Structures are given as C-alpha cells and as structure tokens.
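Each value in this text was obtained by applying a stated rule to the coordinates, not by laboratory testing. Model, not experiment: these values are computed from the prediction. Positions of Cβ are generated from backbone atoms using ideal geometry, with glycine treated the same way; all protein chains shown enter the neighbour counts.
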Amino acid sequence: MIKTKLLVLGLALLMFYTVPTTNSARIFGFFTTPSRSHFIIQESLMRELATRGHDVTVLTTFDQIGKPLKNYRYIKVKPNEEDEMESLKDQMMNNAEENKDNFFAVLPKLVNSMTSAASHLLNSPQLAELKKEQFDLIVFGWFINDFQIGLASHFNVPSVIISVVPNVKLMRDYVGNPAEVSAVPALNMNSKGPMTFLQRAKNLFIHCIEFVLVNIFEYFIMNPLYVQHFPPDKYPSYDEAKRNVSLVLINSHFSQGTPSALVPGLIEFSGMHIKRQPDPLPENIKQWLDTATDGAILFSMGSNIRSSQLSVEKRDALLRTFAKIKQKILWKFEEDLPNKPANVMISKWLPQDDVLAHPNMKLFISHCGKGGLSEAKYHGVPVLGIPIFGDQQSNIQIAVAEGWALQLQYSEVTEETFSRTLNEMLQNATYRQVIKKLSFMFRDRPQHPVDNAAFWVEYVIRHRGAKHMQSPAVHLNFFQYYSLDVLAVLFVVIYLSYKFTKCAIKMLFRKCCGSGKSIKRKED
Ligand SMILES: *[C@@H]1O[C@H](CO)[C@@H](O)[C@H](O)[C@H]1NC(C)=O
Ligand SMILES: *[C@@H]1O[C@H](CO)[C@@H](O)[C@H](O)[C@H]1NC(C)=O
C-alpha cells in the first residue's frame with residue numbers, strides 16, 4: 001500500500017521535474033517555400049536548435065547542403081511537379097529585360113506557386129507519417145502560405161513563424177504590432193524617414209491599399225485553403241488559429257531600415273544565417289582569392305536566377321568589361337563559359353558567406369536579395385546591384401541611399417554603363433569607408449542573431465506558448481483597435497446631448513416668451 005503511494009508520488013515528482021525544461025524539446029520545422037534563399041535562412045535556426053541539443057525534424061523539398069548533424073532529422077519531399085516557379089522566373093527576367101518590374105502582373109502566379117507548394121507538402125505521405133508523432137513546438141517558414149498554421153492545432157503545440165520579409169501587415173497581424181503609419185515608411189516607399197507631408201500622404205495611401213489587399217487575400221485565398229486542409233469540425237477557425245501564434249521572427253535589424261516599435265512577440269533576426277566564424281573555403285577558391293593581390297570581386301545573381309537566363313549580349317558586355325580590370329572575378333555561373341578572360345573564374349556553387357568574408361574581397365555584384373545584402377553588410381563589402389524582382393529594388397535603393405552601393409537597371413546593362421559603374425565602385429574609396437562603419441553598426445549586438453532567435457524559441461517552449469507576452473491587440477478587430485467603436489459612441493452621445501440641450505433651451509424660451517405674450521394680452 002505505502003509502496004504504491006510512494007511510487008505514485010515518485011512518478012508525479014518525476015513528471016513535475018521533467019516537463020518544464022527546454023533541455024531537449026522535440027521541434028518540427030515545416031518549410032514549404034520553393035526558394036532556396038529562404039530555406040538557407042530558415043535552416044540556420046533549425047541547425048542551431050539541433051546543436052543546442054533539441055531533437056529537430058525538418059520537412060522540405062530541398063536536398064540537404066550542410067553536413068548532417070546529431071539530433072537533426074532531415075526529410076525531403078519530392079518537389080511539386082506542377083510548380084510554376086520556373087516559368088515565373090523566366091517572366092521576372094523578361095520583365096527586368098524590358099525594365100518593367102510589374103509586381104502586380106506576376107502576383108497571381110506567385111501566389112499560386114506558393115500556395116500549391118504548401119498544399120503539396122501538407123498532402124505529402126511524409127507529413128502523414130509525422131502527424132502520428134508528438135512534438136513540443138512547430139516552426140513555420142512563412143511566404144504566402146498562412147493556411148499551414150492549422151498544423152499547430154493538429155499537434156496541439158505552440159508555433160513560431162520565420163518570415164524572410166520584414167515588418168509587413170501580414171506579420172504584424174499575427175502579433176498585434178502597430179503600423180506607425182506616420183513615422184515608418186512602408187517597404188516600397190524606398191525611404192528611411194522622417195517623411196515629408198507628401199511622403200506621409202503616400203505612405204498612408206499604401207497602408208490603405210495593403211489593408212484592402214491583405215483582407216482580400218485572407219478571405220478569398222487563405223481561409224478557403226485552410227478550411228480545405230483543416231476542416232471546421234475538427235479544427236479551430238482560421239482566425240482563431242492565427243491568433244494562437246506565439247512568436248514571429250522577422251528579417252530586419254534597425255540599423256538596416258527604419259527603427260520601429262516592436263511588441264515582444266516580434267523579434268528581428270537579420271544576419272541570423274551568417275556564420276559566427278567563416279568555414280574554410282574549398283582549396284581552389286581559397287587559392288584564387290588568396291592570390292588576388294589587386295582585390296577580388298564576387299558576382300552572383302543568387303539561387304533563383306540562372307546564368308543561362310542572361311542574354312548573350314549582356315553576358316559578353318560583362319566579360320569584355322572584366323577583361324579590362326586587374327581584379328580577379330569569382331562568378332557563380334552554372335554552365336560552361338568559353339572564351340572567358342584569364343581573371344574570371346566560374347563555379348556552379350559558391351559558399352557566398354565564406355567568400356564575402358575573405359579579406360581580399362573588394363566588391364559584390366549582386367541581384368540584391370535580402371540575404372546576400374545582409375552578408376555584404378556584415379562583412380563590409382560594397383555592392384553593385386542589378387535588381388531583378390520584388391524587394392530587390394527597394395533593398396538596393398536603401399543601400400544606395402546609405403552610400404555603400406550603386407545600382408544599374410538590368411535593362412540598361414551595356415559595356416559602357418557597366419564599366420563606368422564598376423570603375424566608379426572600384427576607384428572611389430567612399431563606398432568602402434561607409435560600409436565599414438555600417439558593418440560595425442550591424443554587427444554590434446549583445447549576441448549573434450541566431451543565438452537571440454534560438455533564445456526566444458526556447459523561451460516559447462519553456463513557457464508553453466508564452467501567452468503572457470502576447471499583445472492584447474491580437475484580439476481586437478479593426479474598429480476596436482482604432483477605438484472607432486468608442487469614438488462612434490462618443491459621437492452619438494455628443495450629438496444627442498446637443499439635440500437635447502437645443503430642445504430644452506427652445507422649450508424654456510417658448511415658455512418664457514409664451515407667458516410674456518399672455519401677460520401682454522392681459523394688458524390689452
Ligand atoms: C493554442 O495553442 C495551444 C498550445 O500552445 C493549444 O493547447 C491550444 O489548443 C491552441 N488553441 C487554438 C484555438 O488553436
Ligand atoms: C565618390 O563617391 C561619392 C559618393 O557617391 C561622391 O560624393 C564623390 O564625389 C566621389 N568621389 C570622386 C573622386 O569621384
């Protein structure tokens with residue numbers, strides 16, 4: 001009798017002591033976006049969590065590039081065959097060629113590609129197997145795939161979102177972050193503020209458009225997809241599921257854009273994927289860079305744009321320009337390149353972060369993805385930007401305004417323009433001086449961004465969703481958030497009081513005058 005009681009007590013104590021720690025949590029990372037540049041950033045956090053002793057499982061459509069790790073289970077799903085991403089990339093390139101970066105023209109295709117990639121993973125047999133397991137936390141990679149959020153309800157666990165974009169409305173809504181319309185310029189304002197009257201008017205207008213678009217997007221695209229994957233008889237509603245997100249990690253740092261107010265549930269991580277110490281370079285690349293006594297240039301259009309998409313005229317213009325300079329060029333180029341000058345080396349794949357860390361690196365010619373620009377800033381390398389699509393334009397414009405970059409439109413690339421811009425960047429020391437200063441501002445933090453992000457993920461696990469750090473704004477609707485309901489009541493009260501007072505004065509007046517008249521009549 002006593003023995004069993006002791007046993008029960010012992011078990012209870014054991015459970016009490018083992019549950020609340022984060023020594024080794026089971027973490028599931030769900031990454032659907034068919035863009036490797038996104039995955040590189042998302043995976044850096046998952047690998048850090050595995051290194052910290054957590055039992056990490058990751059589901060994606062990419063081959064693993066990094067070394068296998070202890071506690072790190074990597075499950076690859078075959079990519080969606082009907083994916084339109086490739087044709088989308090061609091279209092983006094054509095747009096750049098004709099100098100019309102028309103975001104709204106490619107938006108439907110982008111939305112379609114991203115949502116179908118997410119559905120593909122949600123329907124995969126690999127996920128069906130994983131659904132039988134138990135986890136302590138789920139980490140979602142975000143990019144136009146919000147309906148995935150129902151998975152957290154399936155596992156009944158808290159959730160964290162990694163967003164490769166900065167503080168946009170879709171992210172703010174998850175955590176109830178304020179928009180600061182008058183102080184903080186929207187992403188496509190390409191400015192750092194403070195704004196003039198006209199800029200503020202434009203910013204307000206952009207926020208209104210964003211408000212309408214986001215609501216259309218949520219109502220007509222995300223909610224139906226959510227209901228399809230997470231039927232209402234078994235799952236909470238889409239809105240309820242969204243309100244249950246514990247933490248959103250965003251790709252920004254106040255030294256990169258405009259400093260803005262952040263609620264505790266919104267954490268900036270820009271630079272998280274950059275290694276604390278660069279890895280040793282492959283021998284051939286190391287030798288090429290070590291011997292670049294006049295400096296080296298890295299040229300990469302990122303993982304989304306293939307070099308075969310460059311037109312032959314543009315490619316030759318670049319090569320002729322390179323042949324005339326004394327620096328060594330390292331070009332990420334996926335094919336053969338006959339007749340390349342002696343100072344150009346090509347490679348299908350490059351460890352970009354490690355290459356940019358090389359002391360001989362003088363310039364980075366880039367398509368200006370956010371990840372690459374962060375790496376350049378971190379390592380203090382000036383940038384010549386040739387933006388193609390989406391946020392690349394605004395990324396480079398901010399860098400140009402900060403004084404460490406120059407921009408060339410893809411449609412305007414000729415031997416003449418390219419060599420003029422390239423020589424200006426190589427010969428004018430200003431860009432280098434500016435970026436050294438900004439690099440220090442970017443790196444000067446209490447801890448490496450991946451340590452900060454991992455701390456907050458573990459915090460959410462330790463406090464089982466950390467509901468105490470959620471802003472109450474998450475639970476207010478539009479009218480409540482802007483106190484429009486209160487103002488409406490106030491208005492009605494003021495209006496009624498005014499009417500009532502007016503009426504009362506009238507009646508009083510009539511009584512006085514009325515009695516006055518009757519007196520007068522009596523006198524008659
Ligand atoms: C919210 O998340 C917690 C886990 O953190 C879970 O227990 C709860 O059921 C979720 N609620 C909804 C409405 O999804
Ligand atoms: C170097 O670049 C800066 C910034 O664009 C410019 O103000 C300056 O005049 C340039 N210096 C020379 C010598 O061209």
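For this structure, a couple of remarks:
- Sequence-distant residues sharing a close amide H with Leu363 (under 5 Å, placed H): Ala296, Leu298
- Cα gyration tensor shape of the chain, rounded if a/c is under 1.5, else prolate or oblate by comparing a/b with b/c: oblate
- Cα-based helix-to-principal-axis angle, 2-18 vs the chain, degrees rounded to 10: 70 degrees
- Residue-averaged 222 nm ellipticity for the chain, from DSSP H runs of 4+ at -39500 (n - 2.57), nearest 500: -15000 deg cm²/dmol
- The HN-Hα couplings worked out from phi for segment 383-390 by the Karplus form 6.51 cos²θ - 1.76 cosθ + 1.60 (θ = phi - 60°) are 10, 9, x, 10, x, 10, 7, x Hz, whole numbers, x standing for Gly and Pro.
- Cα gyration tensor shape for segment 283-443, rounded if a/c is under 1.5, else prolate or oblate: rounded
- Degrees between helix 430-443 axis and first principal axis of the chain (Cα, 0 to 90, nearest 10): 60 degrees
- Length gained when the stretch Tyr219-Arg432 is fully extended (0.36 nm per residue, less Cα-Cα span): 71.9 nm
- Placing R0 at 41 angstrom, the Cβ-Cβ distance between Lys502 and Lys234 gives a FRET efficiency of 0.10 after rounding to 0.05.
- Inter-site label distance for Gln447 and Glu334 at 7 Å from Cα along Cβ, in nm: 3.8 nm
- Sorting Thr57, Thr196 by the number of Cβ atoms found within 10 Å of their own Cβ, with the fewest placed first, yields Thr196, Thr57.
- Placing pseudo-labels 7 Å out from each Cα toward the beta carbon at Cys513 and Ala105 gives an inter-label distance of 7.1 nm.
- Whether segment 228-272 is rounded, prolate or oblate, judged on the alpha carbon gyration tensor where a/c under 1.5 counts as rounded: prolate
- Note on segment 164-253: lysine pairs with Cα distance below 25 Å, sequence gap of 8 or more or different chains, count 5.
- Around the Cα centre of the chain, unit charges on the Cβ atoms of Lys, Arg, Asp and Glu (plus for the first two, minus for the last two) sum to a dipole of about 2320 debye.
- Length gained when the stretch Phe455-Asn423 is fully extended (0.36 nm per residue, less Cα-Cα span): 7.1 nm
- Whole-Hz couplings from phi, Karplus 6.51/-1.76/1.60, listed for segment 46-58; x for Gly and Pro: 5, 5, 4, 5, 5, 4, 7, x, 7, 8, 9, 10, 10
- Residue range of the chain that is longest and free of trypsin sites (Lys or Arg not before Pro) which are both DSSP loop and sparsely packed (at most 14 other C-beta within 10 Å): 349-463
- Contour excess over end-to-end distance, with Cα ends at Val312 and Lys467 and 0.36 nm allotted per residue: 50.2 nm
- Estimated from the Cβ-Cβ distance and a Förster radius of 25 angstrom, the FRET efficiency linking Gln126 and Ser24 is about 0.60.
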